[in-house]
Every structure is written in C-alpha cells, then in structure tokens.
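Chemist: The structure under discussion is supplied below as structure tokens; questions concerning it will follow.
The values are calculated or read from the model by the stated rules, or taken from the named source; none is laboratory data. Model, not experiment: these values are computed from the prediction. Note that we place each Cβ from the backbone using ideal geometry, even for glycine, and neighbour counts take in every protein chain shown.
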Amino acid sequence: MQLVIGRIGRPHGLRGDVSVEVRTDDPEGRFAPGTAVATDPASTGPLVVESRRWHSGVLLVRFEGVNDRDRAEALRGTTLVIDSADIPPSEDPDEFYDHQLIGLAVVTPDGERVGEVTDVLHHGQDLLVVRRGTAEVYVPFVKALVPVIDLDKGLLVVDGPAGLLDPDQAV
C-alpha cells in the first residue's frame, strides 16, 4: 500500500525549488538529501532530493535534474509516496499508523460487527471514520472509546455511549 508523504506545490524562485505540502511526521528523514522519493503518477519519478530547507514554515525541496522554474512547475500537484512496508513498526504498543487502522472491522464489546474503518482524520482530535452500510460515523480515537485494537485479528472494539455508532444520531 502506498502512503502519501507529501504533495508538490508551487515553485519557489527560479532555480527549481518547489514547496511541499508535508504529510509525514518525519519530513527530515523522508526528504533527506540523496533520498529517492516515489511519485504518483509513477511516470514522474522517482525524484531524488538534492536539497531541502524550511522557509517561513514551508518545506522547500530541490530535486536532482529540476533546475529551473519551468521544470519545477511541471511537478506541481505530484503526490510523493512511500510503500507502507518501508515504515518500521512503532515501538509504542499504543501507537498506530493510519494504514494499520484502515480496513479494520469495528465491533462492539460483545463482538457484534458494526462497520469498518475507512479513514483516519487528524483535526486536533484524531477521528476514525467508520462505514456502517452506506453511512459514515466519526469515532474519537481515544482509549476510553476504543479500548482494544487487535491488528492480528483485524479488528478494533468501540465501546461508547448509546448512539455513538448510530448514523441517524450523527451531527
């Protein structure tokens, strides 16, 4: 599975630098000079990082062979990706990557299957997006509501107040 680590934005300056919308918690490692980064569409890459720097809170990257504004503009909108198999497992047993959670079956404490995790949203409070038939509900990703995550069995338990998983109660 490919995971998005960034998206190339507009060029910066005349020498080929591009802004990158960062989607990884390790931009220093993922965009280290000499690193080859896969792309979507694949025909654009891989791109090899020549240099990177932060400017006013924005990551600016120069890729090898991209040495003018026109070549940088041609990369705009390209998604930068890595293979999920290249991510080492977390050492913290209570920490999970989004790709580990997406696709897990959602069950109640008594084992009744109620849906599937289709996405994880990060809006200050992490939210699990749970598909229930044709509807989606949002579950705050906190231990009190999600006490069990079993990656080996492919499921997580949601133990929340009445109505939490009811699409008709969604706000």
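Chemist: Restricting the search to segment 18-41, which residues are in a strand (DSSP E or B), among the β-branched types (Val, Ile, Thr) and within 16 Å of the chain's Cα centre (by Cα)?
Modeler: 20, 22, 37, 39
Chemist: Restricting to segment 105-128, count the residues that are part of a strand (DSSP E or B), modelled with pLDDT of 90 or more and of a type in the set (S, T, N, Q).
Modeler: Number of matching residues: 1.
Chemist: Is there a residue in segment 42-50 that is under 19 Å from the mean Cα position of the chain (by Cα), closer than 28 Å to residue 103 by Cβ and assigned to a helix (DSSP H, G or I)?
Modeler: yes
Chemist: Separate question: Whether any residue in segment 30-46 is farther than 16 Å from residue 15 by Cα, of a type in the set (S, T, N, Q), assigned by TED's automatic domain parsing to the domain that holds residue 18 and exposed (fewer than 13 other Cβ atoms within 10 Å of the Cβ) is what I want to check.
Modeler: yes
Chemist: What residue, among those in segment 76-104 that are assigned to a loop (DSSP other than H, G, I, E, B) and among the polar types (S, T, N, Q), is nearest to residue 45 (Cα to Cα)?
Modeler: Filtering segment 76-104 for residues that are assigned to a loop (DSSP other than H, G, I, E, B) and among the polar types (S, T, N, Q), the one nearest to residue 45 (Cα to Cα) comes out as 78.
Chemist: Same structure, new question: Which of (1) more than 21 Å from residue 26 (Cβ to Cβ); (2) out of contact with any Gly (no Cβ under 8 Å at 6 or more places or on another chain); (3) of a type in the set (A, V, I, L, M) is the odd one out, the single condition residue 60 does not satisfy?
Modeler: It fails just one condition, (1).
Chemist: Count, please, the residues in segment 116-150 that happen to be touching a Pro at 6+ places or on another chain (Cβ under 9 Å) and among the aliphatic types (A, V, I, L, M).
Modeler: Count: 7.
Chemist: In segment 85-96, is there at least one residue being crowded, with 16+ Cβ neighbours inside 10 Å, free of Cβ contacts under 8 Å to residues at least 40 places away in the same chain and not assigned by TED's automatic domain parsing to the domain that holds residue 39?
Modeler: Looking for residues that are crowded, with 16+ Cβ neighbours inside 10 Å, free of Cβ contacts under 8 Å to residues at least 40 places away in the same chain and not assigned by TED's automatic domain parsing to the domain that holds residue 39, one finds none in segment 85-96, hence no.
Chemist: Checking the conditions here, which among 81, 4 is touching an Asp or Glu at 6+ places or on another chain (Cβ under 7 Å) and within 30 Å of residue 128 (Cβ to Cβ)?
Modeler: Of 81, 4, the one residue that is touching an Asp or Glu at 6+ places or on another chain (Cβ under 7 Å) and within 30 Å of residue 128 (Cβ to Cβ) is 81.
Chemist: Could you give me the residue pairs with C-beta distances under 6 Å whose first residue belongs to segment 118-138 and is touching a residue at least 12 places away in the same chain (Cβ under 8 Å) and surrounded by 14 or more Cβ atoms within 10 Å (Cβ to Cβ), whose second residue is outside any strand (DSSP E or B) and not β-branched (Val, Ile, Thr) wherever it lies, and which are 6+ apart or on separate chains?
Modeler: Short answer, once both residue conditions are applied: 120/98; 120/101; 126/141; 128/141; 132/167; 137/165; 137/167; 137/170.
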